[in-house]
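Student: Quick one: structure below, then a few questions.
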Amino acid sequence: MNSYLTVEEAAAILAQDGIVGMPTETVYGLAANAFSPQAIAKVFEAKKRPWFDPLIVHIPSADSLSHLVKSVPALAQKLAEAFWPGPLTMVFEKLDVVPDLVTAGAPTVAVRVPSHPVAQALLRACPFPLAAPSANLFGRVSPTSSRDVLDQLEGRIDGVIEGGDCAVGVESTIIDFTGPQARMLRPGGVSREEIEAVIGPLATLETTAGEDGNAMPAPGTCKRHYSPLTPIQFVGDAVVSDDSRVGLIAFGKGKGRRRGFVKTVNLSDSGDLCEAATHLYSALRQMDLCGLDYVIVEEIPATGLGLAINDRLRRAAARD
Ligand code: TXA
Ligand code: MG
């Protein structure tokens, strides 16, 4: 069976409650009709995703937002104007048309307008929004090419549309607008600095968790997530014994001591964080193919996209 689909074929499959891999500028998504509980159920099945983890709903432009959510705060409007289409997801109070299965029973829905031309074409070819989590098995590394999607999900989905390698490489930034103050639930493709330049200071999960005591267990916030198969350690923790097979995920020029590694991948020789984000998941996948005892990761600055990269690496390193 040919697993590669045209946009038209994919739209026809989606209209029949099928599920297809869709390129976006962040990572590939596994798309389904967001208004069809049957289709949504297939997404959870295919990914082996727990039912309590809600999905992001994708729309072609901010114009269709009012069909899904109760209201759009002025600050959210500003972010939509600044970053949509693009790697930003926003959470709002949902209208009843959004099935509970999509939001895992929550009264809120996460919405995004992707910029990838193929995602745009597919969304415009479908008379319904597309719910789409990243197209990986639950807890595993997100796909940044159509091949990655098929490696994990071939036979479990109805096909994938080819859309090249993802330009951003990490998932969207998620901002929650359902509380008293806009807060960042997941760092991602739009940096915190860029968002704060438009709407001022954001609360984070950490700062709000203390206040209400029960911040949402949201956005890939399972401690172990984005898991490669090979254990990961950050420089500083690692003692390389002579007989271990160790990989290195490097960043920038480095300070020497890059000898003796079985496999080295530099996320960006020039120390560019955007370039590093696009190489992150494929670096983790390459390490998994080398039969290593563990992987060491060099320090990556925690500014701009570095926040999202460090967040994913910390989760990838968590072993429980
Ligand atoms: O870049 C992306 O966001 C990609 C592409 C495909 O759009 N999608 C993606 O989806 O990363 P997923 O399902 O892997 O991650 C979405 C995260 C989930 O961890 C979920 O907990 C959170 O978004 N989420 C979804 N709905 C939510 C809601 N109503 N409130 C809070 N968090 C929500
Ligand atoms: Mg995911």
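The values are calculated or read from the model by the stated rules, or taken from the named source; none is laboratory data. Here the structure is a predicted model, which means the values were calculated and not measured. Note that we place each Cβ from the backbone using ideal geometry, even for glycine, and neighbour counts take in every protein chain shown. Only protein heavy atoms, including side chains, enter the accessible area calculation; ligands, DNA and RNA are left aside. Shrake-Rupley method; radii C 1.70, N 1.55, O 1.52, S 1.80 Å.
Student: Output yes when any residue across region 39-50 is away from ligand 2 (no atom under 15 Å from the Cβ) and at pLDDT below 95, and no when none is.
Tutor: yes
Student: Kindly list, by first and then second residue, each pair from a residue in region 55-70 that is basic (K, R) to a residue that is open to solvent by less than 10 Å² (accessible area, probe 1.4 Å), limited to pairs with Cβ atoms under 8 Å and residues at least 6 apart or on different chains.
Tutor: Hits for this filter: K70/F92.
Student: What's the number of the only condition in (1) farther than 30 Å from E93 by Cβ; (2) in contact (Cβ under 8 Å) with a residue 60 or more places away in the chain; (3) away from ligand 2 (no atom under 16 Å from the Cβ) that C126 fails to meet?
Tutor: Unmet condition: (1).
Listed here are the residues, each with its yes/no results for (1) outside the structural domain of E196 (by TED's automatic domain parsing); (2) over 20 Å from the mean Cα position of the chain (by Cα); (3) closer than 11 Å to P231 by Cα.
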position	(1), (2), (3)
S282	yes, no, no
R285	yes, no, no
L292	yes, yes, yes
I296	yes, yes, yes
E299	yes, yes, no
G304	yes, no, no
L307	yes, no, no
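Student: Can we say S66 is over 19 Å from the mean Cα position of the chain (by Cα), part of a loop (DSSP other than H, G, I, E, B) and farther than 15 Å from F128 by Cβ? Steps first, answer last, please.
Tutor: Working: over 19 Å from the mean Cα position of the chain (by Cα): yes; part of a loop (DSSP other than H, G, I, E, B): no; farther than 15 Å from F128 by Cβ: yes.
So S66 does not fit the description; no.
Student: Quick one: D269 ticks every box in (1) farther than 17 Å from P187 by Cβ; (2) part of a helix (DSSP H, G or I); (3) acidic (D, E) except a single one, so which number is it?
Tutor: Here D269 clears every test but (2).
Student: More than 16 Å from ligand 2 (Cβ to nearest atom), assigned to a loop (DSSP other than H, G, I, E, B) and touching a residue at least 40 places away in the same chain (Cβ under 8 Å): is that true of F35 in this structure? Walk me through it before giving the result.
Tutor: Working: more than 16 Å from ligand 2 (Cβ to nearest atom): yes; assigned to a loop (DSSP other than H, G, I, E, B): yes; touching a residue at least 40 places away in the same chain (Cβ under 8 Å): yes.
Against the criterion (more than 16 Å from ligand 2 (Cβ to nearest atom), assigned to a loop (DSSP other than H, G, I, E, B) and touching a residue at least 40 places away in the same chain (Cβ under 8 Å)), F35 qualifies.
Student: Name every residue in region 1-32 that is outside any helix (DSSP H, G or I) and open to solvent by 30 Å² or more (accessible area, probe 1.4 Å), in order of residue number.
Tutor: Filtering region 1-32 down to residues outside any helix (DSSP H, G or I) leaves 1-6, 16-32.
Of everything in region 1-32, those that are outside any helix (DSSP H, G or I) and open to solvent by 30 Å² or more (accessible area, probe 1.4 Å) turn out to be M1, N2, Y4, T6, Q16, D17.
Student: Anything in region 120-131 that is under 18 Å from the mean Cα position of the chain (by Cα) and more than 13 Å from ligand 1 (Cβ to nearest atom)? List them, or say none.
Tutor: Scanning region 120-131 gives no hits.
Student: Check whether at least one residue in region 31-42 is in contact with a Cys (Cβ under 9 Å, 6 or more places away or on another chain) and in the same structural domain as I175 (by TED's automatic domain parsing), and report yes or no.
Tutor: At the first step, the residues of region 31-42 found to be in contact with a Cys (Cβ under 9 Å, 6 or more places away or on another chain) are 31, 33.
Filter again for in the same structural domain as I175 (by TED's automatic domain parsing), leaving 31, 33.
Yes, because at least one residue in region 31-42 is in contact with a Cys (Cβ under 9 Å, 6 or more places away or on another chain) and in the same structural domain as I175 (by TED's automatic domain parsing).
Student: Now for a separate question. Outside the structural domain of Y281 (by TED's automatic domain parsing) and more than 16 Å from ligand 2 (Cβ to nearest atom), is that true of G169?
Tutor: Values: outside the structural domain of Y281 (by TED's automatic domain parsing): yes; more than 16 Å from ligand 2 (Cβ to nearest atom): no.
Spelling it out, it is not the case that G169 is outside the structural domain of Y281 (by TED's automatic domain parsing) and more than 16 Å from ligand 2 (Cβ to nearest atom).
Student: Now a separate question. Since A46 meets every condition but one in (1) assigned to a loop (DSSP other than H, G, I, E, B); (2) among the aliphatic types (A, V, I, L, M); (3) closer than 13 Å to P133 by Cβ, which condition does it not meet?
Tutor: (1)
Student: What pairs come up if the first residue lies in region 188-199 and is over 22 Å from Y281 (Cβ atoms), the second is among the aromatic types (F, W, Y) and in a helix (DSSP H, G or I), and their beta carbons are under 9 Å apart, counting only those six or more places apart or on different chains?
Tutor: Matching pairs, first to second residue: I195/F83; V198/F83.
Student: If I go through region 132-153 residue by residue, how many of them are closer than 25 Å to A12 by Cβ, among the hydrophobic types (A, V, I, L, M, F, W, C) and more than 9 Å from ligand 1 (Cβ to nearest atom)?
Tutor: The qualifying residues number 3.
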